[in-house]
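Remarks on the structure that follows.
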Amino acid sequence: MKIEEAIKKYLEYLEYELNYSKLTKDSYDNDLVLYKDYLNKQKINYLTINKEQIMDFLKYLDSLKFTNKTISRHLSSLRSFYNYLVEIKLIDNNIFKRIKNPKVEKKLPNYLSIVEIDEVIDNYKIESKEDIRDICIFELLYSTGIRVSEASNIKLKDIDLNNRQIRVMGKGSKERIVYYGAPCEKRLNAYLKVRNEFLKYASDYLFINQKGGKLSRESIEYLINKIIEKSSIKHKVSPHTLRHTFATHLLDNGADLKSVQEMLGHENLNTTEIYTHVSNERLRSVYLACHPNKKRQ
């Protein structure tokens with residue numbers, strides 16, 4: 001089987017068997033196409049590739065100025081692909097399991113302070129139904145910690161208004177329940193009152209555009225950026241910053257790491273542990289600024 005056909009079958013497997021999202025599938029696709037093009041150029045058989053040839057490929061990725069994090073992602077994609085090749089009995093062993101990922105420095109995520117969150121929300125001028133919707137999205141992302149793609153796919157039937165909870169579909173089609181408090185309830189109820197003004201035809205989705213269609217992930221990202229631009233915050237803030245902020249504020253106020261992991265929908269606790277470093281850095285800053293040792297030097 002040619003590598004092109006194997007990749008096609010693997011991507012179909014991700015979509016139809018594992019129910020991976022289009023975004024995730026496209027990421028695998030991009031990684032595997034780059035790998036395929038490299039092998040074809042070097043005239044390497046993907047079924048008999050050896051460790052030395054793989055190391056040459058990693059050097060090639062490095063020559064493209066890819067970060068260690070990006071190279072690690074490529075390796076993860078290839079390990080998964082070769083696991084599939086073993087499963088369908090094209091090869092006996094996955095050679096990529098013997099290849100270590102390059103060391104990746106953990107970058108502390110950017111987040112907003114509680115004061116900054118309040119400043120953005122309290123000072124946002126409501127002049128239209130779009131403004132009501134947009135600030136509702138901002139509040140929901142901060143209050144629940146959900147991903148932008150998850151917010152885009154929320155349907156009305158997913159919301160339990162009485163218990164202030166929402167059912168969301170996360171990565172790998174894994175379902176979880178997230179919760180929100182009174183401030184978010186206020187914004188959500190205000191939006192639901194004007195939501196019908198957006199409708200030109202029936203829609204099951206919570207957040208809709210001026211034509212009545214579902215707000216895309218890109219549209220939500222644009223709206224969040226627009227809200228930040230209207231605030232006094234000058235440092236870079238992405239929609240994912242609100243997810244980082246949600247996790248950091250929970251840990252700062254005594255939440256345990258395992259609970260935060262479940263709320264974020266992280267499969268691995270190691271992914272969530274980055275937020276403990278954020279909280280530790282904050283505590284360190286407070287200590288250095290406030291402890292009298294500073295005056296005794």
Can you find a residue in region 30-45 that is closer than 30 Å to L250 by Cα and crowded, with 17+ Cβ neighbours inside 10 Å?
no
Select from region 10-29 the residues that are touching a residue at least 24 places away in the same chain (Cβ under 8 Å) and surrounded by 14 or more Cβ atoms within 10 Å (Cβ to Cβ) and write down the one among them that is farthest from K174 (Cα to Cα).
Y10
If we keep just the residues of region 255-278 that are of a type in the set (D, E, K, R) and either in contact with a Lys or Arg (Cβ under 9 Å, 6 or more places away or on another chain) or part of a loop (DSSP other than H, G, I, E, B) (or both), which is modelled with the lowest pLDDT?
E273
Specify which of the listed residues (S76, S63, S80) is surrounded by fewer than 16 Cβ atoms within 10 Å (Cβ to Cβ), small (G, A, S) and under 21 Å from the mean Cα position of the chain (by Cα).
S76
Taking first residues from region 56-83 that are assigned by TED's automatic domain parsing to the domain that holds E15 and second residues anywhere that are surrounded by 18 or more Cβ atoms within 10 Å (Cβ to Cβ) and outside any helix (DSSP H, G or I), the pairs with Cβ under 6 Å that are 6 or more apart or on different chains are Y82/N94; N83/N94
What helices (runs of 4 or more DSSP H), lying completely within region 149-254, carry at least 2 residues that are modelled with pLDDT of 95 or more?
182-194
Check Y111 against each of (1) at pLDDT 90 or above; (2) surrounded by 17 or more Cβ atoms within 10 Å (Cβ to Cβ) and name the one condition it does not meet.
(1)
Checklist (1) modelled with pLDDT of 95 or more; (2) touching a Ser or Thr at 6+ places or on another chain (Cβ under 9 Å) applied to R73, failing item:
(1)
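Hey, could you check region 10-48 for residues that are hydrophobic (A, V, I, L, M, F, W, C) and in a helix (DSSP H, G or I) and say which is farthest from L78 (Cα to Cα)?
L23
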If the Cβ limit is 8 Å and pairs must be 6+ apart or interchain, which residue in region 205-233 that is under 19 Å from K22 (Cβ atoms) and not assigned by TED's automatic domain parsing to the domain that holds T24 pairs with which residue that is modelled with pLDDT of 90 or more and surrounded by fewer than 13 Cβ atoms within 10 Å (Cβ to Cβ)?
Y205/L156
Checking the structure you have, find out if any residue of region 142-159 is more than 18 Å from E218 (Cβ to Cβ), crowded, with 20+ Cβ neighbours inside 10 Å, out of contact with any strand residue (DSSP E or B) (no Cβ under 9 Å at 6 or more places or on another chain) and not assigned by TED's automatic domain parsing to the domain that holds Y16.
yes
Scanning region 180-236 for residues that are among the β-branched types (V, I, T) and under 16 Å from S152 (Cα atoms), which turns out surrounded by the most Cβ atoms within 10 Å (Cβ to Cβ)?
I224
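The values are calculated or read from the model by the stated rules, or taken from the named source; none is laboratory data. Computed from a predicted structure; not experimentally measured. With ideal geometry, Cβ positions are generated from the backbone for all residues, glycine too; neighbour counts draw on all protein chains shown.
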